[in-house]
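S.K.: Pasting a structure here, questions to come.
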Amino acid sequence: MSWFFAVGGSVVGACALLVPGFAGGTTTGVVITVLTAVAMVAAAVVLRVVPQRVPDAFWVGVPFIALGIIGSLNLVTHDVSVSAHLYFLWPLLYAATFLRYDVAYLLLGSACAADAAVTFSLQPFDVGLTDVAALLTAYVVSTVVVTSLRRRADTLVARLEEQALTDPLTGLPNRRAFDHDLARALRATRRDGTEHCLLIVDVDHFKTINDTWGHATGDEVLVAVAAALRRTAHAADAGARLGGDEFAMIVAGDVARARRHAAALRLAVARGSQLPGGLPTLSVGVASTAAGATTAEALLAAADRALYRAKLDGRDRVALETPAAGPARQNRAHETVGGAGRGAGRGPVGGLHHRPEEGHA
């Protein structure tokens, strides 16, 4: 946004000094115009060098201040020319491009009122009416056109951002979105000590499912797991598909809550709609920031180790990564929770289990 003030200030200042009659042909008009140009360039420098020090109210206040300066300058110089009127377009275009839509339209009403007040103060009503009507129409059309184009651009950007952050098959957030969510969770952990757990979820024997039943069935399995992930997630949790048959869930809470969540997820998959080859089983690795993993890399590595242990121990189970504490745990820093009463390992056909009886899920 600094370019807007830099270019505008430079052009206004140069015209005031070099173009005869530009500032109403009076010394007072030239001085006020040059001071305004200097203020615009100074604002551009501040916005460029230390933008974080500029309060939010500045952005809203600038166009309204500009209206006051333009109106005052026109009154002082007794300038009712078309060029003097068109200066009101500067703050209007700024607001329509950068500010909220309600602010832009509030400024439009203010600009119309200011221009009409200046014109009728310097000209008889019947003389100035035609100019005011034409100029106010130009202000309204310009503001509506710019804000409409901006709405379309905002909508397009929002759709592109959604596509860039969403897995097209499952509708879950993708790895890019997951990285953002994980970074945000870890910032909360460092800021106020909030514990977060990471669940890495893997579909057991997914390659066998694809090879036996075809990729269409494999896609159905992924969609079913994603649906279960959504059903079991709480508002503070963040799920994602990392790629292939691997999913993730960031759980705000301790290991006990993460374990309950993993159990609920596996149960939701077990009670899902029947698939052509039966129901899939899941292996889940769980890691917690309380175990000392306070970076994304460390937490992912810990969850991956837990997932690997779950697969080594027979799949269809949850493994918890816990901090090593002494020689007895030097070679095994894991806790494994067995399968959900359905047996571990491969299902009867192609890695899929048929629907379990109620009470044995």
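S.K.: Which residue fluctuates the most in the chain, going by a Gaussian network model with Cα springs under 10 Å, if the choices are I209, I65, I250?
M.R.: Answer for the Gaussian network model of the chain: I65.
S.K.: May I ask for the percentage of alpha-carbon pairs in segment 127-207 that lie more than 19 Å from each other?
M.R.: Summing the P(r) tail past 19 Å for segment 127-207 gives 67 percent.
S.K.: For segment 2-164, how big is the tail of P(r) above 23 Å, as a whole percent of Cα pairs?
M.R.: 45 percent
S.K.: Can I ask one more? With springs only between Cα atoms under 10 Å, which of D181, D211, D313 fluctuates most in a Gaussian network model of the chain?
M.R.: In the Gaussian network model the winner is D211.
S.K.: Over the C-alpha atoms of segment 76-187, what are the Rg and the largest Cα-to-Cα span, Dmax, in Å?
M.R.: 22.3, 68
S.K.: Considering only the other residues whose Cβ falls under 13 Å of the Cβ of A133, what net charge follows from Lys and Arg at +1 and Asp and Glu at -1?
M.R.: In short, -3.
S.K.: Next question. With all distinct Cα pairs included, what does the Kirkwood hydrodynamic radius of the chain come out to in Å, to one decimal, could you say?
M.R.: 25.5 Å
S.K.: What is segment 2-164's relative contact order, in percent, from Cα pairs under 8 angstrom and six or more apart in sequence?
M.R.: The normalised contact order for segment 2-164 reaches 20 percent.
S.K.: With helices defined as uninterrupted DSSP H runs, which ones in the chain have an alpha carbon span along their own long axis of at least 30 Å and mean Kyte-Doolittle hydropathy of at least 1.6?
M.R.: Membrane-span-like by this criterion, though nothing is claimed about a membrane: 27-49.
S.K.: What order do you get for D202, D131, D126 when you list them from fewest to most C-beta neighbours inside 10 Å?
M.R.: Starting with the residue having the fewest Cβ neighbours, the order is D126, D131, D202.
S.K.: Could you list R309, R266 in order of exposure, starting from the residue whose Cβ has the fewest other Cβ atoms within 10 Å?
M.R.: The order, fewest Cβ neighbours first, is R309, R266.
S.K.: Place +1 on the Cβ of every Lys and Arg and -1 on the Cβ of every Asp and Glu in the chain, take the dipole about the Cα centre, and give the residue among A216, L199, V318 whose Cα lies farthest towards its positive end.
M.R.: Value: V318.
S.K.: Report the residue, chosen from A153, A238, A303, that carries the largest GNM mean-square fluctuation when the chain is represented by alpha-carbon nodes joined by springs under 10 Å.
M.R.: Per the Cα network of the chain with a 10 Å cutoff, A153 tops the list.
S.K.: Right, another one. Evaluate the distance, in nm, between pseudo-label points positioned 7 Å from the Cα of L122 and of Y101 along their respective Cα→Cβ axes.
M.R.: Going from the L122 label point to the Y101 one covers 3.5 nm.
S.K.: In Å and on Cα atoms, what radius of gyration and Dmax does segment 175-337 show?
M.R.: Every Cα atom of segment 175-337 included, Rg and Dmax give 15.6, 49 Å.
S.K.: Whole angstrom only: what separates the Cα centroid of segment 219-266 from the Cα centroid of segment 52-117?
M.R.: Answer, in whole Å: 51.
S.K.: Give the longest segment of the chain that steers clear of GluC sites (Glu not before Pro) in DSSP loops with at most 16 neighbouring Cβ atoms within 10 Å, not counting the sites themselves.
M.R.: 1-356
Only the coordinates and a few stated rules stand behind these numbers; no lab work does. Computed from a prediction, not measured in an experiment: that's the story for all the values here. Reconstructed Cβ throughout: ideal geometry from the backbone, glycine too, with neighbour counts over all protein chains shown.
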